[in-house]
């Protein structure tokens, strides 16, 4: 090959890369922030009950066990409807189904305002899980239709920082609502909390059709050249031998393993999300506004960890150790957290490290199912893994509440969950490597 020909090829590759970077940057700016905000509101409506608990339990005369069961019933509804939801997503299209999910969960979250006893609490929490089922796997499926494997870690990270951002924003906001609106118009502060925080997902659901395109060809803000580049990358990314039929996901033991690993992550995640406000109160913080402000710290740390880990994982093309090491760091910090009992500074610091480790592992972790499965199997695999994982969400809420009533301490359950996280980190090494089509880096 002559030097002039080689130089011409290098110039073409460089030009193509620059064009692709510009095209993916445009996609990232146009669709991912909207989905991130949607996930943020979903998570606020899922865990704001942890703040409402500070006033709700005494108002409704409910025990910690009743609260833990009610909070956990969300996950039962979620588990039962996750796979059916993604079946319907394939049938009606991701955009339509994502809009439906946002609208219904917003309306049901607002119904918490009229709860007056345990039975109504159980019913509304269960239905909220039914309504929200399929949102996260549906969005991950949608993102996989836009971003190839090598670029998906950053997109997934930007979407999933909605989890910690929900607490960075929602924590101080919830504390302010509980304090500032208590008694206004004859409503308790926790009732105002559900009214106000149910509104954003309803508005986002109505805006979905204007913001999210159905597919690459329907994106009016992309040029024809950009559409061609993105479509080409999708074709290359799908060139492996991963199964694409829906039933393949249920036959694949790797999907079950991924679900079990994610379940372990959720044990740690929901322990922080649902019980950290209570831990702060036990450490001596009694003002709900200050509790709301302090809960933002662990989640701000998680935002940084998720973005850096997702970016670095894409940059290096490595996935496994970007999952394993953060989980081990999170497990160690969670195990040490009982030592900080009654010390506010150490409680916030250790929980921040635990939360950053656990959540920091999520962006590279959720690239794994779509590396191993394609088409309908990817939708089914994401949903099935999510269903398996959310069984842990139920136990994280119910078990902590039951053991807290029994032992008046969360130490035992935190140590158990930390041990489960260590096992899950080791299990990540057992996830098989994906086939490597031309140009794809290994996981």
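The values are calculated or read from the model by the stated rules, or taken from the named source; none is laboratory data. In this text, all values refer to a predicted model and were calculated from it rather than measured experimentally. Neighbour counts are summed over all protein chains in view; Cβ atoms, including those assigned to glycine, are modelled from backbone coordinates with ideal geometry.
Which residues, taken from segment 154-198, are at positive phi and in a helix (DSSP H, G or I)? Scanning segment 154-198 gives 185, 186.
Of the helices (runs of 4 or more DSSP H) lying entirely inside segment 246-347, the ones with 2 or more residues being within 18 Å of the chain's Cα centre (by Cα), in contact (Cβ under 8 Å) with a residue 12 or more places away in the chain and crowded, with 23+ Cβ neighbours inside 10 Å are found at 253-282, 296-316, 320-336. Please specify each residue of segment 125-142 satisfying the condition of being buried (at least 24 other Cβ atoms within 10 Å of the Cβ) and part of a helix (DSSP H, G or I). Across segment 125-142, the qualifying residues are 125, 128, 129, 131, 132, 135, 136, 137, 138, 139, 140, 141. Looking at segment 205-214, can you tell me whether even one residue there is at pLDDT 80 or above, over 19 Å from residue 146 (Cα atoms) and surrounded by fewer than 21 Cβ atoms within 10 Å (Cβ to Cβ)? Looking through segment 205-214, at least one residue is at pLDDT 80 or above, over 19 Å from residue 146 (Cα atoms) and surrounded by fewer than 21 Cβ atoms within 10 Å (Cβ to Cβ). The set of residues from segment 57-76 being assigned to a helix (DSSP H, G or I) and surrounded by fewer than 24 Cβ atoms within 10 Å (Cβ to Cβ) comprises 57, 58, 59, 60, 64, 65, 66, 69, 73, 76.
Suppose we filter 354, 379, 434 for residues that are surrounded by 24 or more Cβ atoms within 10 Å (Cβ to Cβ), modelled with pLDDT under 85 and touching a helix residue (DSSP H, G or I) at 6+ places or on another chain (Cβ under 8 Å); which single one remains? Spell out the reasoning first.
On the way: 354 fails: modelled with pLDDT under 85; 434 fails: surrounded by 24 or more Cβ atoms within 10 Å (Cβ to Cβ).
Among 354, 379, 434, only 379 is surrounded by 24 or more Cβ atoms within 10 Å (Cβ to Cβ), modelled with pLDDT under 85 and touching a helix residue (DSSP H, G or I) at 6+ places or on another chain (Cβ under 8 Å).
Given the structure, is residue 157 under 20 Å from residue 365 (Cβ atoms) and touching a residue at least 60 places away in the same chain (Cβ under 8 Å)? Spell out the reasoning first.
On the way: under 20 Å from residue 365 (Cβ atoms): yes; touching a residue at least 60 places away in the same chain (Cβ under 8 Å): yes.
In short, yes.
On inspection, residue 15 fails the criterion of being closer than 30 Å to residue 190 by Cα, out of contact with any helix residue (DSSP H, G or I) (no Cβ under 6 Å at 6 or more places or on another chain), part of a helix (DSSP H, G or I) and at pLDDT below 85.
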